[in-house]
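What follows is calculated from the coordinates using simple rules that are stated; it is not laboratory data. No experiment lies behind these values; they were computed from the predicted model shown. Methodologically, a virtual Cβ is constructed for each residue, glycine included, from the backbone with ideal geometry; neighbour enumeration extends over all protein chains shown.
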Amino acid sequence: MILHEKKNIIFDLGNVVVDIDLNITMERFRKLGFKKEGDFLNKYQQIGIFNDFEEGRVSAGEFVEGLKAYMKAGVTDEEIIEAWNVIIGDYKEDRIETILKLKETHGVYLLSNTNELHVEVCENKVPLVGSLNKLFNKTYYSHEMGMSKPNRNIFEALLKDAGIKAEETLFLDDSKANVEAARKLGIESWLVEYPDQWVPRMKALIKER
């Protein structure tokens, strides 16, 4: 791929822009008595109340109350929220610098399956620029859009809202299902198998332009 052939780049958030570790949250949940996390959560898909939260059908308060039904008596809201948010790791400056460099010549967008609690943690801790809203031309979150990847409607909604064309766009995501869904719409896509994988590849393309 030649970078100047694309006008726009869409980034996933977790394990593409920011580190996440679902295993830490699962371990914290188990300590709170939650024994069925495998029925609801995996690295790429969420089910039941977790999916409802991710698509904005329940509020943060309703989500926390719903989880209490699966946990031992006496667990507090604060314990649940802390366990849920510990999944969020760090931003690496090299990734942020690369996105900023791309932003000089391309539209850069964020498309994330996420929820209001995680956005509160992620939004304003970005190195160099301070916030995701300043890093990207626009951010798109599943809980605000009422839909999630890999459903094609979320990609179509972004393309329409941003006024961009699929064939002029590159998409980066750590989920094979999401990447395949984007490709079916004519969006060239990279599967990111570990968070820093895409950075040297993108830097090489930047040098070639």
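Points to keep in mind about this one:
- Label selected from [x] 18; [y] 7; [z] 30, the criterion being percent of Cα pairs over 32 Å apart as computed here: [x]
- Summarising the strand pairing of the chain, around 20 percent of its internal DSSP beta bridges are antiparallel.
- Highest-fluctuation residue, Val121, Val179, Val18 considered, GNM on the chain with Cα pairs under 10 Å: Val121
- Sorted by Cβ density within 10 Å, fewest first, the residues Val199, Val75: Val199, Val75
- Taking each of Lys7/Lys138; Lys6/Lys103; Lys125/Lys207; Lys92/Lys165 in turn, the alpha-carbon distance tops 18 angstrom for Lys125/Lys207; Lys92/Lys165.
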